[in-house]
1. Out of everything in the stretch 174-188 that is among the β-branched types (Val, Ile, Thr) and closer than 16 Å to residue 3 by Cα, what residue ends up being nearest to the chain's Cα centre (by Cα)?
2. Checking the conditions here, which among 208, 152, 185, 215 is in contact with a Cys (Cβ under 9 Å, 6 or more places away or on another chain), within 19 Å of residue 17 (Cβ to Cβ) and not assigned by TED's automatic domain parsing to the domain that holds residue 95?
3. Give the stretch 31-55 a look and list any residue that's crowded, with 20+ Cβ neighbours inside 10 Å, part of a helix (DSSP H, G or I) and touching a helix residue (DSSP H, G or I) at 6+ places or on another chain (Cβ under 8 Å), or say none.
4. Any residue in the stretch 160-173 that is buried (at least 21 other Cβ atoms within 10 Å of the Cβ), outside the structural domain of residue 3 (by TED's automatic domain parsing), under 30 Å from residue 1 (Cβ atoms) and touching a residue at least 60 places away in the same chain (Cβ under 8 Å)?
5. Residue check, residue 26 against (1) touching a helix residue (DSSP H, G or I) at 6+ places or on another chain (Cβ under 6 Å); (2) free of Cβ contacts under 8 Å to residues at least 40 places away in the same chain; (3) outside any helix (DSSP H, G or I), all met but one. Which one?
6. Take the residues in the stretch 181-198 that are among the hydroxyl-bearing types (Ser, Thr, Tyr) and modelled with pLDDT of 95 or more, then tell me which one is surrounded by the most Cβ atoms within 10 Å (Cβ to Cβ).
7. If you scan the stretch 170-227, which residues turn out to be out of contact with any helix residue (DSSP H, G or I) (no Cβ under 9 Å at 6 or more places or on another chain), outside any helix (DSSP H, G or I) and among the aliphatic types (A, V, I, L, M)?
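The values are calculated or read from the model by the stated rules, or taken from the named source; none is laboratory data. Here the structure is a predicted model, which is why all the values come from computation and not from measurement. Glycine also receives a Cβ, built like all others from the backbone with ideal geometry; neighbour counts cover every protein chain displayed.
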Amino acid sequence: MIRLAILISGRGSNMLCLADAIENYKIDATIALVISNKDCDAIALAAARGLATKVVKRSDFESRLAHDAAIASTIKDCHADYVFLAGYMAILGSVFVNQFAGKLINIHPSLLPAFKGLDTHQRAIDAGVKTHGVSIHLVNAALDDGPLILQASLAVAETDTAKILAGRVLQLEHQIYPFVLISLAAQNVTLLSDGVIWHVTTLAGAPADMQINLAPCVIWPDGLSHR
């Protein structure tokens, strides 16, 4: 069984969709701990759901390095196999990232390498792009820069505002993040310290509703592998 630690800072919608997927789709995984760097809605939601939670406040530490070390220790104590970032709004330092190389996964609301950082939806509209979406990637020391695991795209409509586009992309996020977890549990994908190897290029193992939603928009990184 895969043990997850989830790092959050905000609403927690992706954390909840992972928890729902584990329960509804009988994924061989468990959320060992939900960790936040501040008090937030997501921590309350996780606790209400019966998940173990811990708040490790940045303000309690003199430096980012010390704060990162405390979070790393907490993750190790819960024996997590993977760390999923789900709206964790802080940059993790290289010392932290290197400790979890190949185990640290982020979801980002753009088709990386486009629109790294914040305000991705407004920037996509301002740039006039026709296609936008979401990326799942391994985390390295650079911002939104690690090897791609999987992406999903959608067409930007002329009527889209940043708020509308964000909502549409969020629907994709709630499909693609659980699919990556399903794939890890089924050993259909291998995450390395410096890359990703897919052993299938189909939505194998995904529930029917997820296959219907993702099939038109999923983007596999370089076919079978991305190194």
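1. Ranking the qualifying residues of the stretch 174-188, first place goes to 180.
2. 152
3. The answer is 42, 46.
4. yes
5. (1)
6. It comes out as 183.
7. 186, 192, 196, 197, 215, 219, 224
Residues are listed down the side, and each one gets a yes or a no for (1) among the hydrophobic types (A, V, I, L, M, F, W, C); (2) modelled with pLDDT of 95 or more; (3) within 15 Å of residue 213 (Cβ to Cβ); (4) more than 16 Å from the chain's Cα centre (by Cα):
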site: 144; (1), (2), (3), (4): no, no, no, no
site: 150; (1), (2), (3), (4): yes, yes, yes, no
site: 154; (1), (2), (3), (4): yes, yes, yes, yes
site: 166; (1), (2), (3), (4): yes, yes, no, no
